[in-house]
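One structure is given below, encoded as structure tokens.
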Amino acid sequence: MSEEVFKKVVSHCKEYGFVFPSSEIYDGLGAVYDYGQNGVELKNNLRTYWWKSMVQMNENIVGLDAAIFMHPKVWKASGHIDGFSDPMIDNKDSKKRYRADQLLEDKIARYEKDGKTNKAEELQKSLDQALLDNDLAHLKNLIELHEIVCPMSGTRNWTDVRQFNLMFSTEMGAMAEDSDKIYLRPETAQGIFVNFLNVQKSGRMKIPFGIAQTGKAFRNEIIARQFIMRMREFEQMEMQFFIRPGTQKQWYEHWKETRIKWHHKLGFGTEKYRFHDHVKLAHYADAAVDIEFDYPFGFKEMEGIHSRTDFDLKNHQEFSGKKIQYFDSEVDESTGKPFGNYIPYVVETSIGLDRLFLATLCASFIEEEVGEGDLPAAPRLERQAGKKEMRTVLKLPAILAPVKVAIFPLTKKDGLPEVAEKIINELKFEYNCFYEEKDAIGKRYRRQDAIGTPYCITVDHDTLVDQTVTIRYRDTMKQERIPISKIKEILAEEINWKKFLG
């Protein structure tokens, strides 16, 4: 998929109610987006898929919804106040600021595109080493050595590279002089860690167990780009899995395998995913890997799996002065005694919901030529005989589609709308339905193709005689007559979580 197709996906999102620029009537707000009527449904369905897989299908994982505002000491203990930053560089001519590592990553991508694989590998190795050493001067040297220019000015008049903290801060309190500085959370994980004992004791949880959470996070990204790929307000789906020290390697491998299988179930092709091990580990990790997805602009991180050791709970114990430990009554075979008190280790899985949303759209977006030969035995409701045309379709898994079934009366009279509405009233408690009676039936089909609706049901004059309708399938465009009484049966067979998760 090319950059040109990506532009089409972005345009499609706005045209069909998936994603809008935030505050657009005021010319928008950079790197902030609103999810429209179809976007919010798809996003909810993706969140539900994650939640069911992570919480509902695992007896030892429970959910949490922690507040966005947290005590400032939380972020001191987590290391975010002192160490949550990106290497930034300014161009003196354009006055624009860029992430130094991303400029170099873009150069690597260009080398690969031009077939200069040796140069790409050499630069990647140098970049990894500079990040590992936190060598800001070397990052600038690489930018100069590879003659990277500012995309705006076209010049190489760069400042030195420096670190920029990404957290948004605000004040809490009625009076300014009495206010305390607090932060919008840059991740959801810390809400889980500070509630470890609350959940463990109230739920009588035994190690190993996990706590899952979805919610908004905020980062003051200077280089926000690629649509909803990198935003300042985004949503994470994270699970922290608490384990016995010394078992982190096996659980790390377990969650790597589990999570990649979860992605593969979406049906977008296993070749779309790859693992990328971290060269430079975060301050809290002893192992880390990204699951990358092949977006139109290349492989980029969608989910991270990290072995966080006991860093978080240990630091919160130290900064809060409260004991955060677990008593393990299981017997250690090597000593014949209980494992006793310890601070659990953690393996984390963290996925960006917005990035998953974008990957789903990119993988499902299809433009294809259709004609009479596509429906040799079907009624010619699709198009004029022999006429070829292009259709844009989102071939989403049916369970994830924003609208599951659209019901159309062929005309706006003769009692057909009343029959269609009766069918909707039977289905709407289980499925998100859509009703439309405007325009030719072919145009209505095309609009539903564009938002990914898997099934369309047409009520016509024959329906009044024999109580049958035409059901039309999105992917094949096949149409067939079925009794109204069988609609629920067909939908239940194709749209159910048990089948999708199994």
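The numbers here are math on the coordinates, done by the rules we state, and not lab data. Keep in mind the model is a prediction, meaning the values are calculated, not measured. Backbone-built Cβ (ideal geometry, glycine too); neighbour counts: all protein chains shown.
Structural remarks
- You can think of it this way: the chain between N198 and E436 has 80.7 nm of extra reach, that is 0.36 nm per residue less the Cα-Cα gap.
- Relative contact order (%) - the chain, alpha-carbon pairs under 8 angstrom, separation at least six: 13 percent
- Pairwise FRET efficiency - H276 versus N134, Cβ, R0 = 30 Å, nearest 0.05: 0.90
- 0 to 90° range, to nearest 10: angle between helix 248-264 axis and the chain longest Cα axis: 20 degrees
- Taken about its Cα centre, the chain carries a charge dipole of roughly 400 debye when the Cβ of each Lys and Arg holds +1 and the Cβ of each Asp and Glu holds -1.
- Cα centroid of region 298-330 to Cα centroid of region 22-50, whole Å: 31 Å
- Among A440, Q248, L410 - extreme Cα towards positive end, dipole of the chain, charges at beta-carbon: L410
- Dimensions (Å) - region 64-164, Cα atoms, principal axes, largest first: 48, 31, 25
- For region 142-252, the relative contact order is 22 percent, taking Cα pairs closer than 8 Å that sit 6 or more residues apart in sequence and dividing their mean separation by the residue count.
- Of all DSSP bridge pairs formed entirely within the chain, close to 85 percent run antiparallel.
- Directionally averaged shadow of region 67-116, computed from the convex hull of its alpha-carbon atoms, nm²: 6.4 nm²
- 0 to 90° range, to nearest 10: angle between helix 353-364 axis and the chain longest Cα axis: 40 degrees
- Available extension along the chain between K96 and N341 is 83.0 nm, counting 0.36 nm per residue and deducting the alpha carbon span.
- In the chain, the ratio of gyration radius to Kirkwood radius, Rg to Rh, stands at 1.02 when only Cα atoms are counted.
- 3J(HN,Hα) along region 274-285, derived from phi through the Karplus expression 6.51 cos²θ - 1.76 cosθ + 1.60 where θ = phi - 60°, amounts to 7, 8, 9, 6, 6, 7, 9, 7, 5, 4, 9, 10 Hz, with x in place of Gly and Pro.
- Sites matching GluC sites (Glu not before Pro) across region 1-87 that sit in DSSP coil, with at most 12 neighbouring C-beta atoms within 10 Å: E59
- With K and R counted +1 and D and E -1, the other residues having a Cβ less than 12 Å from that of V279 yield a net charge of -3.
- Over region 85-165, relative contact order from alpha-carbon pairs under 8 Å, at least 6 apart, %: 47 percent
- Cβ-derived FRET efficiency at R0 22 Å, L166 paired with K216, nearest 0.05: 0.90
- Environment charge of K73, counting only residues whose C-beta is closer than 12 Å and scoring Lys/Arg +1, Asp/Glu -1: +1
- On Cα atoms only, tilt of 441-451 relative to the major axis of the chain in degrees: 10 degrees
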